[in-house]
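**Student:** Could you have a look at this structure, given as structure tokens, before my questions?
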Amino acid sequence: MSSIDWRELYASNRAVIERAGGAPGELPTTSTAAGRAQRALVHPPAGVEHQTAVPLVCMLHGCTQDAASFAAATRMNEAADRHGFVAVYPEQDRGDNPQGCWNWFLPEHQARGVGEPAAIAAIVRELIGTTSHGRIDTRRVFVAGLSAGGAMAAILAAVYPDLFAAVAVHSGLSYRSAASLSTAYAAMARGGEDPIGKGRAAHAAMGHLARPVPTIVVHGSADRTVAPVNAEQVLQQSMTATGLAAPETCDLDIARPTTTVRDKVIDGHAYTRRQWTDRRGGLMHELLTVDGLGHAWSGGTPGGSHTDPRGPDATEAIWRFFAQATADQAGG
């Protein structure tokens with residue numbers, strides 16, 4: 001595939017970026033799939049040579065947010081510039097959900113090839129298949145989300161394991177933890193039912209494409225919007241699906257992490273980082289639990305949309321996990 005100079009991309013698109021309401025370096029794009037037109041903002045990394053194939057991180061905002069506010073809150077664009085990856089922010093249409101939530105709790109948005117998962121996947125595939133945003137390394141395409149976006153990220157990991165190499169779920173819920181608005185509220189308050197069974201469902205959703213999908217989960221102990229029990233349920237679901245996909249290497253126990261580290265942000269929150277590696281030593285799962293963090297992006301921009309700057313930097317933690325997990329899998 002041919003490519004263009006990233007710096008030329010900035011210069012040639014600055015006017016359209018500003019008209020679309022994006023920040024410098026954010027390019028508006030739209031893709032259509034399964035009868036849905038999906039808008040997104042794209043941030044190419046600064047200072048990357050035009051011939052370089054770079055990773056891509058798909059970022060899914062939470063309720064009441066949009067693509068631009070989520071980019072600002074998480075500072076993922078700055079991380080993209082530091083580490084050299086494309087960041088893309090699909091945006092929910094308020095006509096599809098008045099609060100801007102992804103409809104993760106409805107069955108018509110929980111399967112491959114339909115609804116919001118298909119539209120989000122189409123955005124990513126268009127970026128991979130076009131020269132307008134340079135070259136994308138298809139082995140390093142990731143998805144991350146906050147809250148409703150985290151729940152949709154878990155869905156995408158289950159139904160598009162061939163597209164997304166790893167997933168990050170921040171303050172979110174597991175795949176198919178709800179099937180209606182009422183059960184969504186119940187899951188948010190008390191957790192979903194049978195995470196091991198839901199792990200089997202996630203594995204079944206992968207079908208012949210089933211493979212281990214490395215997963216990092218970030219959650220606050222003081223989250224009163226999405227109960228902290230959901231964090232372990234997301235992790236248990238992922239471990240179950242991974243164990244079914246690769247039983248010879250990924251027979252992991254949530255009660256027995258490979259490493260556990262306790263630390264504290266200066267003048268901020270304490271946190272616990274647990275990691276699980278497979279039998280080859282490759283990083284497969286991480287749970288970052290932040291003491292005292294509510295329903296907010298840990299370490300986000302002060303005054304940002306749903307952020308708490310006192311926590312460990314979730315953006316850096318997520319990128320570090322993505323980079324290490326995929327490197328470990330490639331090395332294995």
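The values are calculated or read from the model by the stated rules, or taken from the named source; none is laboratory data. No experiment lies behind these values; they were computed from the predicted model shown. All Cβ positions, even for glycine, are placed from backbone atoms using ideal geometry, and neighbour counts span all protein chains on display. Note: accessible area is taken over every heavy atom of the protein model, side chains too, but ligands, DNA and RNA are not part of it. Shrake-Rupley method; radii C 1.70, N 1.55, O 1.52, S 1.80 Å.
**Student:** Look through ARG274, ARG320 and report the one residue that is assigned to a strand (DSSP E or B), open to solvent by 60 Å² or more (accessible area, probe 1.4 Å) and modelled with pLDDT of 95 or more.
**Tutor:** Numbers: ARG320 fails: assigned to a strand (DSSP E or B).
Answer to the check: ARG274.
**Student:** Pairs only if they're at least six apart or on different chains, beta carbon under 6 angstrom, first in the stretch 66-80 and farther than 21 Å from PRO98 by Cα, second in a helix (DSSP H, G or I) and open to solvent by 10 Å² or more (accessible area, probe 1.4 Å); list them, first residue then second.
**Tutor:** As it stands, the answer is ALA79/TRP319, since those pairs meet every condition given.
**Student:** For residues that are of a type in the set (S, T, N, Q) and either open to solvent by 10 Å² or more (accessible area, probe 1.4 Å) or in contact with a Cys (Cβ under 7 Å, 6 or more places away or on another chain) (or both), scanning just the stretch 151-202, find the one that is farthest from MET284 (Cα to Cα). Please lay out each step first, then the result.
**Tutor:** Let us first name the residues in the stretch 151-202 that are of a type in the set (S, T, N, Q), namely 171, 174, 177, 180, 182-183.
Next, from what is left, pick out any that are either open to solvent by 10 Å² or more (accessible area, probe 1.4 Å) or in contact with a Cys (Cβ under 7 Å, 6 or more places away or on another chain) (or both): 177, 180, 182-183.
On the way: SER177: 22, SER180: 31, SER182: 33, THR183: 30 Å.
Going through the qualifying residues, I end up with SER182.
**Student:** Across the stretch 203-254, which residue is farthest from the chain's Cα centre (by Cα) among those that are of a type in the set (Asp, Glu) and open to solvent by 20 Å² or more (accessible area, probe 1.4 Å)?
**Tutor:** The selected residue is GLU248.
**Student:** Does any residue of the stretch 6-23 turn out to be open to solvent by 40 Å² or more (accessible area, probe 1.4 Å), modelled with pLDDT under 70, in a loop (DSSP other than H, G, I, E, B) and closer than 20 Å to ARG139 by Cα?
**Tutor:** no
**Student:** Select from the stretch 165-220 the residues that are touching a His at 6+ places or on another chain (Cβ under 9 Å) and either among the β-branched types (Val, Ile, Thr) or not in a loop (DSSP other than H, G, I, E, B) (or both) and list them in ascending order.
**Tutor:** Selection gives VAL169, HIS170, THR215, ILE216, VAL217, VAL218, HIS219, GLY220.
**Student:** If you go through the stretch 127-150 one residue at a time, do you hit one that is within 25 Å of SER182 (Cβ to Cβ) and surrounded by fewer than 23 Cβ atoms within 10 Å (Cβ to Cβ)?
**Tutor:** Taking the stretch 127-150 first, the residues within 25 Å of SER182 (Cβ to Cβ) are 145-150.
Checking the rest, the ones that are also surrounded by fewer than 23 Cβ atoms within 10 Å (Cβ to Cβ) come to none.
No, there is no match, as no residue in the stretch 127-150 is within 25 Å of SER182 (Cβ to Cβ) and surrounded by fewer than 23 Cβ atoms within 10 Å (Cβ to Cβ).
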